[in-house]
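One structure below.
We did not get these values from a lab; they are worked out from the coordinates using the rules stated. Since the model is a prediction, treat every value here as computed from it, not as a measurement.
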Amino acid sequence: MKITPSTRAGAGICLATLLLATACTSGRQPPQQGGGMQGQASRALDGKIARPIGLLFAGMDMNQDHVIDEAELDNGIRHDWAGFKASAHSGVSALGLAEWSVYALGDADALPNSIAFDSNFDGQVSENEFRARLISEFAALDTNHDRRLTRAELLVDAPVRPRSGDMMQPRGMGGPANSGNKTRP
């Protein structure tokens, strides 16, 4: 095939169009919703979530009335403690508690962690420490202090996530990370 000046010009135009289209789409921001929809879009980032301990308590709802009372809490604590291969003298190791955390809370790093359970910092969690931490977590979630947890009390505010335009500027660019600090010349 013979390349003519018009073929070369057509290829150049095609290449320029492809490059322009690629450049335009690579830095493209998602469309912003205007008017009243913007408030709805920002509320979509806000919301409620259940902490891992809340999911554990929800699983203790034996009569399935969507309320966990103190009797169900006590039964759940006894059931979970019985699942440990605990030494009567020393309790459960941090490794044993991490295995329970994976099973009961979904992840070894879920809160409360082994440090929160080990109140005397001896490296072991006794049945009393285990029970005390779960009762304390139950009480903290019981916002109306009626000794019962409803599904609403198991929910907490979701952490706020930055939207695409709200990212912090790198240090030295005058953004929040550098506010109040003077840079040296």
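A few comments on the model shown:
- Three-way shape call for the stretch 48-157 based on the alpha-carbon gyration tensor, with the a/c threshold at 1.5: prolate
- Cut-off under 5 Å, modelled amide H: who pairs with S93 long-range: V125
- One decimal place: the segment D107-A58 gains 16.0 nm when fully extended, by the rule 0.36 nm per residue minus the C-alpha distance.
- Taking 0.36 nm per residue of sequence separation and removing the Cα-Cα distance, the D74/A152 pair yields an extension gain of 26.0 nm.
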